[in-house]
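Beneath this line is the structure, given in structure tokens, with notes to follow.
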Number of protein chains: 2
Amino acid sequence: MAFEQEALTSEEVSRLKEAGRLAKGDIIKMTRLAGSGHPGGSMSSLDMYLVVFSQANLGGATRDRIVVSHGHTSPGVYAALARLGHLPVDEVIAFFRKAGSPFEGHVVRGIPFIDWSTGNLGQGLSAGCGFALAAKLRKEHGHVYVLMSDGEQAKGQVSEARRFAKKYCLGNITVLIDYNRIQISGCVDDVMPVNIVQNYLADGWDVVEVDGHNVAEIYAALRRVRQSENPTCILAHTVIGKGVPFMEGKAGYHGSPLNEKEYPQALAVLGIEDDLQRYREQRKGTWHWQPVKSEAESVSSLVTGTPFTYSDADGLDNRSAFGKALKDLADKNIPEGRLISAFDCDLASSVKTSDFCKCSPDQFFQCGVQEHNAATIAGALSVAGIVTFFADFGVFALDETYNQHRLNDINKTNLKVVATHVGLDVGQDGKTHQCIDYIGLTRNLYHFKTIVPADTNQVDRVTRYVAATNGNFLIGTGRSKWPVILDEKGMPFFANGYRFSYGSMDVVREGTDAAIITYGGMLSRALSIRERLLKDGVSLKVVNMVCVTEVDEKAMAGLLGLKAIFTYEDHNPATGIMPPIGYYLLRHGYQGKVESFGVKDYGKSGDTEELLQAEKLDIGSMVEAMRAALK
Amino acid sequence: MAFEQEALTSEEVSRLKEAGRLAKGDIIKMTRLAGSGHPGGSMSSLDMYLVVFSQANLGGATRDRIVVSHGHTSPGVYAALARLGHLPVDEVIAFFRKAGSPFEGHVVRGIPFIDWSTGNLGQGLSAGCGFALAAKLRKEHGHVYVLMSDGEQAKGQVSEARRFAKKYCLGNITVLIDYNRIQISGCVDDVMPVNIVQNYLADGWDVVEVDGHNVAEIYAALRRVRQSENPTCILAHTVIGKGVPFMEGKAGYHGSPLNEKEYPQALAVLGIEDDLQRYREQRKGTWHWQPVKSEAESVSSLVTGTPFTYSDADGLDNRSAFGKALKDLADKNIPEGRLISAFDCDLASSVKTSDFCKCSPDQFFQCGVQEHNAATIAGALSVAGIVTFFADFGVFALDETYNQHRLNDINKTNLKVVATHVGLDVGQDGKTHQCIDYIGLTRNLYHFKTIVPADTNQVDRVTRYVAATNGNFLIGTGRSKWPVILDEKGMPFFANGYRFSYGSMDVVREGTDAAIITYGGMLSRALSIRERLLKDGVSLKVVNMVCVTEVDEKAMAGLLGLKAIFTYEDHNPATGIMPPIGYYLLRHGYQGKVESFGVKDYGKSGDTEELLQAEKLDIGSMVEAMRAALK
């Protein structure tokens, strides 16, 4: 157990003080050598790093977790870890901010005890909530320490995370704020005044104030809060550039290394020898220390159960099919301790996670209207080895939270985002709720896989697939009921023999003249378009691009001989499925006609059929347009 | 002046009460007819709407402004406006949520006195801050009323907006919270507890509590706060579904119209005749009422001054060229009362708005680490007729704030976003700071124009152009110094005769074998690549696609005869400039080789040249790759 002893002994205090003196020299050297970095905050946070890294329980699976939200203080983190024996001092100094080295400008997972890659301020406390939840769900004793800057307290996501921690009684989370009162543009009270103490108290937290440069006092506070039932904020009064008088309290040293004149002065003050030349030489070579593997923690492989098969008689919409599959996964796994969790932002009844909530209330997290916080917590929880679903309307699941998911993706999370209202099929809520850009957004996220199933049977199978497959996925569904897709014999296409395999396109109908490539709710319309064109003697191949960002080269090869290829989607056509398809066709010398049909501007407020007509994407308009194109 | 009289007379009170009774009937009818909508909150907010719409000063340019942040209460807004004579009652009921009608599911600009289109919760107070700022900058007396729900108080952006309003002494803003304690998933204290009063007090606001169904009390409170120096929150205790006993306090009526059985009962309770059949007939036809034009308010056209021309001797980076152009625009316009404002999120020294801040401190707004709030305030201010720049690192200017800009775009703002750190050229901060998706993001925003100038001269001209051109623009610049682009005579290419025209590609060098299409910091590298390939006897055409989302058909036509076309960018190649170029080439039957070069994964932390080498995007690697492709 950590923090068991009453207080730090005087020997421990002086050992930490000496480590701090040396670490400050390291910070000044590595930033000077790299020619960039953030020495000031690294020096004001350093004493907290030394106490937490030396005293917290950082071994084993039930270890404490650490999130450094102000990741730009990486020199302080590396130096503290190095002087405590967890990193090689020489390599930290020599290779800081060298491309490819593990010692990046902002801390990343893989560095010892760093559980979350950060860099964009204000998200760290949400990540900490995710780790604290993981510990509670697993009934572990691990405590979570979130180290933050004062400047980022202005960020709204921090207040969202505070409320979540309070609501879910995360007494196992402690925030340490480096309250040096300086941010890039000057004094925090001039840049954007934040009443930090009152903000934390108003949200139900405890607040303790300490001298952030008194390691014994920091230890005592951490020991006290370790027993608290309530989340606690330790406001640590610090001095930026602490230890080098001419740096102390100066905003200029937030993000700038020391110059030629200042550098030797600082080392002299600290009583540290200037051996930079040695490191300058070493930097020309390469490093030997390697980070630990930073994939999401191994997930106890889930039992995916037997897929459900639906017919139109079931009168189900795709989001409900997701909800039923999710509940089935919960029933089959949670009782056996294979955990699945689901996050909601006050839309459970619409995104169909209510049944999951009823059957697995302890794994269901209601975040209220706090999408940024929910997206980050869900990501962190998924990285801690718990399969996590975040279901929301498309514009909240992705548009509002794009950057949170970018950071999740960088953190190699194992998150399953379910965007239940995408395209124009979102009810009559209007343009602010129409998510007609989701493919254009997720395509930017290198490790996110986006899947838009065409009917309830495909949704069921895709939901089970993503639950059991490591990595980040986005599943898109519409709001209304779509027909069950049938094969030519009239049997459900996505049942019986069908098995979802990521990246494959489904050739739903063969055709010899032209092809229409589509997905989601437009597939059933494409089949009707095919029937109508058949009367003109046009044989239209219908392809379901269920994995909307992937080109299935085998399936595409089968299209190269056709007269025309059309893409058809209720999405912005400039960012939908045409880009990868067009690039493939261009590189394969396709000579036929190509046309992309999609939504050309922000939509109106009305029902789906009215909206499709307004965009000339309804069956009748499409038949006319395609006839004209095929003339 | 509004709220001059001591109190509402008893006649006025009873007139508003009667209007309320009728309006509740309208709300119940329109939601029933549309088959969707939000009756519950519309009825709990209604009395506030009636007082504000009837008493505020809503005429003329110096009018009060109103933001309805919980836009889903649109039935309440429409009914209140109609019963006060500002909208035709019949059309509001008949055409609510019919595609194309002005009476959308969420309120939009163009409806009388509705100054901001809303729908995604939590952004309204930021928009209100923008309008309050506009009034202060113009020394007008207009007051801003922001009506909000209680559920959205959990949203972090609300806390950001509170702090901004306090910092900038926006005593001319009043928040009215519909505190009915019910949101979609149930009681607000169960969904996500928020200590609303303490939150507003902690951020320095005044708080007044009133009975939200007592119009006299609401009037009295609004009259009092009108004189206050401090922003005030009026917490209005209300009842969801107020006026129809069986609806009162029930979460079920948040987002569901009444069914066949409930509907006549509700009308009976209200003593209102059921004439829905008439409206059902009318709905088959069309509406006559037309919304007022909702473009950004006419901007006093700016004087753009004389462009600056730079040479390499000036040693300037592109962000500094932007900063100098912005300061020049400020010098030439602000003293004459043609207002320009700039927003910062604690990065002024890096994004080069410090000079503007020094010369125009009253037009410079330091938001601290609050990007969501800054993006929305800047958008609203720009809509109020003040040319507004929001300069930030790319990942904050766009990735973090994508959805705020989507709402800005829907609101037809006149915002100039300057993303000073895009691509890999962001210093050694690492992957969280590398903005390699910005083209992929803005391409989704139908009315955003994205421009990435190649050197300081082009930046200067583009900055002046966007300042004087109505609409939303994003200008991208790197961090480091790029060479000034020269023509074949060695003169600055983007000076003298050059004039920026949106949508045009710049053919910087002619070529007869192949073409490389690029932009920004890669253009100078493309010119070096051209020199190197010339030695192999390859004549490479170099095209600058400065408007990265636009295909210049005339310029592209000149490429169709070439053997190969390459795109070259420090951006995700799947979402960069290839999609529109590829689509054009495909539709024009291009038969040559096509290759897109870009960044294939999240980057490392190092300097730009190291990173380009790691991605094989440096000049040497590109020459090799293109040689291979041209074999």
Kindly establish whether A:LEU258 is among the aliphatic types (A, V, I, L, M), open to solvent by less than 20 Å² (accessible area, probe 1.4 Å) and farther than 29 Å from A:ARG97 by Cα. no
Please tell me if B:ASP331 is part of a helix (DSSP H, G or I), of a type in the set (Asp, Glu) and under 30 Å from B:ARG162 (Cβ atoms). no
All but one of (1) under 25 Å from the mean Cα position of the chain (by Cα); (2) part of a loop (DSSP other than H, G, I, E, B) hold for B:LEU474; state the number of the condition that does not hold. (2)
I need the full set of residues from region B:609-622 which are more than 10 Å from every other protein chain (Cβ to nearest Cβ) and open to solvent by 40 Å² or more (accessible area, probe 1.4 Å), in order please. B:LYS616, B:ILE619
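Scanning region A:440-470 for residues that are more than 21 Å from A:ASP328 (Cα to Cα) and either open to solvent by 10 Å² or more (accessible area, probe 1.4 Å) or assigned to a loop (DSSP other than H, G, I, E, B) (or both), which turns out farthest from the other protein chains (Cβ to nearest Cβ)? Steps first, answer last, please.
Initial filter on region A:440-470 (more than 21 Å from A:ASP328 (Cα to Cα)): A:440-450.
Subset that is either open to solvent by 10 Å² or more (accessible area, probe 1.4 Å) or assigned to a loop (DSSP other than H, G, I, E, B) (or both): A:443-449.
Numbers: A:ARG443: 5, A:ASN444: 4, A:LEU445: 8, A:TYR446: 5, A:HIS447: 8, A:PHE448: 12, A:LYS449: 13 Å.
So, considering only residues that are more than 21 Å from A:ASP328 (Cα to Cα) and either open to solvent by 10 Å² or more (accessible area, probe 1.4 Å) or assigned to a loop (DSSP other than H, G, I, E, B) (or both), the one farthest from the other protein chains (Cβ to nearest Cβ) is A:LYS449.
Go over the candidates A:THR304, A:THR376 one by one and state the one that is open to solvent by less than 10 Å² (accessible area, probe 1.4 Å) and among the hydroxyl-bearing types (Ser, Thr, Tyr).
Of the residues listed, the single one that is open to solvent by less than 10 Å² (accessible area, probe 1.4 Å) and among the hydroxyl-bearing types (Ser, Thr, Tyr) is A:THR376.
From the list B:THR353, B:THR309, B:THR286, pick out the single residue that is in contact with a strand residue (DSSP E or B) (Cβ under 9 Å, 6 or more places away or on another chain), open to solvent by 70 Å² or more (accessible area, probe 1.4 Å) and modelled with pLDDT of 95 or more. Walk me through it before giving the result.
Values: B:THR353 fails: open to solvent by 70 Å² or more (accessible area, probe 1.4 Å); B:THR286 fails: in contact with a strand residue (DSSP E or B) (Cβ under 9 Å, 6 or more places away or on another chain).
Result: B:THR309 is the single residue among B:THR353, B:THR309, B:THR286 that is in contact with a strand residue (DSSP E or B) (Cβ under 9 Å, 6 or more places away or on another chain), open to solvent by 70 Å² or more (accessible area, probe 1.4 Å) and modelled with pLDDT of 95 or more.
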Identify the single condition in (1) open to solvent by 10 Å² or more (accessible area, probe 1.4 Å); (2) touching a Gly at 6+ places or on another chain (Cβ under 7 Å); (3) within 14 Å of chain A (Cβ to nearest Cβ) that B:THR62 does not satisfy, given that it satisfies every other one. (3)
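Being under 14 Å from A:HIS38 (Cα atoms) and under 34 Å from the mean Cα position of the chain (by Cα) narrows it down to one residue among A:GLY212, A:GLY252; which is it?
Numbers: A:GLY212 fails: under 14 Å from A:HIS38 (Cα atoms).
Result of the check over A:GLY212, A:GLY252: A:GLY252.
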Within the bounds of region A:141-150, is there any residue that is within 14 Å of chain B (Cβ to nearest Cβ), open to solvent by 10 Å² or more (accessible area, probe 1.4 Å) and either over 23 Å from B:PHE396 (Cα atoms) or in contact with a His (Cβ under 7 Å, 6 or more places away or on another chain) (or both)? yes
Mind telling me which of the residues B:ASP425, B:ASP399, B:ASP392 ends up being at the interface with chain A (Cβ under 7 Å from one of its Cβ atoms), closer than 25 Å to B:ASP601 by Cβ and open to solvent by less than 10 Å² (accessible area, probe 1.4 Å)? B:ASP399
Taking the condition of being open to solvent by less than 10 Å² (accessible area, probe 1.4 Å) and either facing chain A (nearest Cβ under 8 Å) or touching a strand residue (DSSP E or B) at 6+ places or on another chain (Cβ under 7 Å) (or both), how many residues in region B:82-101 meet it? 2
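In region A:166-222, how many are open to solvent by less than 60 Å² (accessible area, probe 1.4 Å), in a helix (DSSP H, G or I) and either away from chain B (no Cβ under 14 Å) or in contact with a Leu (Cβ under 7 Å, 6 or more places away or on another chain) (or both)?
Taking region A:166-222 as the starting set, the residues that turn out to be open to solvent by less than 60 Å² (accessible area, probe 1.4 Å) are A:167-168, A:170-180, A:182-188, A:191-194, A:196-197, A:199-200, A:202-205, A:207-208, A:210, A:212-216, A:218-222.
Going one step further and asking which of them are in a helix (DSSP H, G or I), we end up with A:167, A:188, A:191, A:196-197, A:199-200, A:202, A:215-216, A:218-222.
Now restrict to residues that are either away from chain B (no Cβ under 14 Å) or in contact with a Leu (Cβ under 7 Å, 6 or more places away or on another chain) (or both): A:196-197, A:215-216, A:218-222.
The qualifying residues number 9.
Got a sec? Which of A:LYS358, A:LYS412, A:LYS431, A:LYS352 is basic (Lys, Arg) and facing another protein chain (nearest Cβ under 8 Å)?
On the way: A:LYS358 fails: facing another protein chain (nearest Cβ under 8 Å); A:LYS412 fails: facing another protein chain (nearest Cβ under 8 Å); A:LYS352 fails: facing another protein chain (nearest Cβ under 8 Å).
The match here is A:LYS431.
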Which of (1) within 30 Å of A:CYS129 (Cβ to Cβ); (2) open to solvent by 10 Å² or more (accessible area, probe 1.4 Å) is the odd one out, the single condition A:GLU18 does not satisfy? (1)
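Considering A:PHE390, A:PHE396, which residue is under 20 Å from A:TRP116 (Cα atoms) and within 14 Å of the chain's Cα centre (by Cα)? Even if it seems obvious, please write down each step before you answer.
Details: A:PHE396 fails: under 20 Å from A:TRP116 (Cα atoms).
After ruling out the rest, the residue left standing is A:PHE390.
Which residue is most open to solvent (accessible area, probe 1.4 Å), if the candidates are limited to region B:113-140 and must be aliphatic (A, V, I, L, M) and more than 19 Å from B:GLY212 (Cβ to Cβ)?
Let us first name the residues in region B:113-140 that are aliphatic (A, V, I, L, M), namely B:114, B:121, B:125, B:127, B:132-135, B:137.
Next, from what is left, pick out any that are more than 19 Å from B:GLY212 (Cβ to Cβ): B:114, B:127, B:132-135, B:137.
On the way: B:ILE114: 8, B:ALA127: 0, B:ALA132: 0, B:LEU133: 7, B:ALA134: 2, B:ALA135: 8, B:LEU137: 25 Å².
Restricting to residues being aliphatic (A, V, I, L, M) and more than 19 Å from B:GLY212 (Cβ to Cβ), the top hit is B:LEU137.
Tell me, which helices (runs of 4 or more DSSP H) wholly within region B:503-603 include 1 or more residues that are within 24 Å of A:HIS588 (Cα to Cα) and without any contact (Cβ under 8 Å) to a residue 40 or more places away in the chain?
Working: elements: B:522-534, B:553-557, B:578-587.
In region B:503-603, the matching helices (runs of 4 or more DSSP H) lie at B:553-557, B:578-587.
Mind listing just one residue for me: the one in region A:555-608 that is charged (D, E, K, R) and more than 9 Å from every other protein chain (Cβ to nearest Cβ) and, of those, least open to solvent (accessible area, probe 1.4 Å)? Outline the logic, then answer.
Going through region A:555-608, the residues charged (D, E, K, R) turn out to be A:563, A:569-570, A:587, A:593, A:595, A:600-601, A:604, A:607.
Subsequent filtering for residues that are more than 9 Å from every other protein chain (Cβ to nearest Cβ) retains A:563, A:569-570.
Working: A:LYS563: 121, A:GLU569: 0, A:ASP570: 18 Å².
Looking at residues that are charged (D, E, K, R) and more than 9 Å from every other protein chain (Cβ to nearest Cβ), I get A:GLU569.
The values are calculated or read from the model by the stated rules, or taken from the named source; none is laboratory data. All figures in this text were calculated on a predicted structure; none of them were measured in a lab. Cβ: placed from backbone, ideal geometry, glycine included. Neighbour counts: every protein chain shown. Surface accessibility is based on the protein's heavy atoms, side chains included, excluding ligands, DNA and RNA. Shrake-Rupley method; radii C 1.70, N 1.55, O 1.52, S 1.80 Å.
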